[in-house]
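The values are calculated or read from the model by the stated rules, or taken from the named source; none is laboratory data. Bear in mind that the values here come from a model prediction, so they are computed numbers and not experimental data. Neighbour counts run over all protein chains shown; Cβ positions are idealised from the backbone, glycine included.
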Amino acid sequence: MKQVIEVSVVPPPLPQNWTPPESSSKSISPLVERKLLPAGHAYLGHVRRAIHKLSFEEHDKHAEEERKRLQALDGEGGIEDDLGVGDEPETEELLSLDPKEWKKQDHYAVLGLSHLRYKATDAQIKVAHRKKVLKHHPDKKAGAAGDSNDDAFFKCIQKAHEVLSNPEKRRQFDSVDPYFSLIEDDVPTASQITKARDPVRAFFKGFGPVFEREARFSKIQPVPMLGDVDDPKEKVEAFYDFWYNFDSWRSFEYLDKEVNEGSDSRDDKRYTEKKNKTERARRKKEDTARLRNIVDLALSVDPRIKRIKEEEKAAREAKKKAKSGGGAAPDAQQKAKEEEEKRKAEEAAKKEEEEKARAEAKKAKAAAANARKKARRAERAGAEGGS
C-alpha cells in the first residue's frame, strides 16, 4: 500500500574555506523554454485517481481486479487482454496445410480469426499471431513425437501474418476471401420471397445480410443498408441509387498466376502479365454484373416499392378529387353542368327552328316572286295576241 511521507531536508552550511568560483569568459547560452510532458505509471495512476476520485486503497483494489480479469482472458496466465481473439479449434486439415500452396490457404483460419475475418483489427491480428507463434514455434516442439508438421504449419502462420499485416495484400486477399466466395451466391430468389408466408419479413431477412456483406467493398463509407418497411420514398430511392452506382474497390490480383520459377524470359513475363490483366478485367466485369443482378432482384420484390406506388396513386386520386370539388360539391357542380347543357340544347333547338322558319319564309317569297313573273309573262302574251 502506498503512503506519502513528508521529509524536511535542511542543506548543510558551506565550508569555511569555500570561495566563489571565478567568472568564466565564455558566454552563457540563452534560456530555452521546453514543454515537459508528464508520463509513466505513477503519473497515469495519479490521473486515474484524480478523474475517478479514488483513494490509494481504492485504486489498488481496482488495479488488482483488472489484473485478475486480464489474467483470466489470457490463456497463458499473462496480463495482456487478447482483444476478443480467443482460441479457435485447429482441425487436422488446417494443421496439414502445405506452405507452398499458401495462396489456397485461409489466412484468417490459420491465425484463428475465422470469427472476425475482415472485421479483425491490426491489434487483433498481432495478438493472434503471437498466440500462434507461442504455440507452434518449432523450437518449442523440438524433439516432440508426432509433431513433424509443426514446422510447415509455422510457415503457414508466418505467411498468414505477412499477408494480413500488409494493408495492400490484405485487401487483395479480402477481395477473394474463400469464406465469402462460398456464400456469394447465397441470394434468395424471387419465388422464395413472393411465396413466403410473410413476404415482407422474408425480403428483409433474406436480402439484409446480402447487402451487408457486399458493403465492405464500397469505396464510399458508410454504406446505406436495406432499412425497414416503413422507410419513406426518398430513403428507398437513395438506397437503390447508391447501389446502382456502387463504386467497388474489389480487385482480383490475388488470383494472378505467378511467372514460372527459374524463367528469365521477358516474353514469358509479358505474356503472364497480359493474361493476368485480362483475367482481372473479366472477373471484375462478372462481379459488377453479379451485384447489378442482386440489386435488380431486390428492387423487383421490394414491398416498399409496391407501397410507394399505391401511396402515389392515392395521392393522385385525392388531388384529382380535390381539384373537381369534393364532398357534396361535385353533385351540385354536376347538376349545374347538366342544366347548362340542357340550356345550350334548348338554345340550339330554338336557333334551328328559327333558321328553319327563315328558310321557309325565303322559300315562300321566292315562290311568290316566280308566280308574279309568270303572271306578267301571261299578260304580255295576251296583249300581243289581241293586237
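Numbers at a glance
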item: Residue, farthest from ILE294 (Cα to Cα), within the stretch 188-224, restricted to residues that are over 16 Å from the mean Cα position of the chain (by Cα) and of a type in the set (S, T, N, Q); result: THR194
item: ARG67 surrounded by 10 or more Cβ atoms within 10 Å (Cβ to Cβ), modelled with pLDDT of 80 or more and basic (Lys, Arg); result: no
item: Qualifying position, being exposed (fewer than 15 other Cβ atoms within 10 Å of the Cβ), at pLDDT below 90 and in a helix (DSSP H, G or I), among GLU80, GLU93, GLU57, GLU76; result: GLU57
item: Hey, VAL210 in contact (Cβ under 8 Å) with a residue 12 or more places away in the chain, under 26 Å from GLN192 (Cβ atoms), surrounded by 16 or more Cβ atoms within 10 Å (Cβ to Cβ) and in the same structural domain as ASP302 (by TED's automatic domain parsing) or not; result: yes
item: Flag for ILE28 being exposed (fewer than 12 other Cβ atoms within 10 Å of the Cβ) and either at pLDDT below 85 or of a type in the set (Asp, Glu) (or both); result: yes
item: Restricting the stretch 166-207 to residues that are in contact with a Ser or Thr (Cβ under 7 Å, 6 or more places away or on another chain) and not hydroxyl-bearing (Ser, Thr, Tyr), the residue that is surrounded by the most Cβ atoms within 10 Å (Cβ to Cβ); result: GLN172
item: The stretch 301-319 residues that are farther than 26 Å from VAL187 by Cα, paired with ones that are of a type outside the set (Val, Ile, Thr) (beta carbon under 9 Å, 6 or more apart); result: GLU311/LYS233; GLU312/LYS233
item: Tally, over the stretch 165-207, of residues that are part of a loop (DSSP other than H, G, I, E, B) and under 30 Å from LYS103 (Cβ atoms); result: 9
item: Per-region count, the stretch 218-272, residues more than 25 Å from LYS159 (Cβ to Cβ), part of a loop (DSSP other than H, G, I, E, B) and among the small types (Gly, Ala, Ser); result: 2
item: Some residue of the stretch 227-241 being without any contact (Cβ under 8 Å) to a residue 40 or more places away in the chain and more than 21 Å from ARG307 (Cα to Cα); result: no
item: Considering residues of the stretch 96-116 that are under 29 Å from the mean Cα position of the chain (by Cα) and surrounded by fewer than 17 Cβ atoms within 10 Å (Cβ to Cβ) only, the residue nearest to GLN172 (Cα to Cα); result: LYS103
item: All positions within the stretch 297-327 that are surrounded by 13 or more Cβ atoms within 10 Å (Cβ to Cβ) and assigned to a helix (DSSP H, G or I); result: LEU297, ALA298, LEU299, VAL301, PRO303, ARG304, ILE305, ARG307, ILE308
item: Boolean, PHE204 is without any contact (Cβ under 8 Å) to a residue 40 or more places away in the chain and either in the same structural domain as LYS103 (by TED's automatic domain parsing) or more than 25 Å from TYR179 (Cβ to Cβ) (or both); result: no
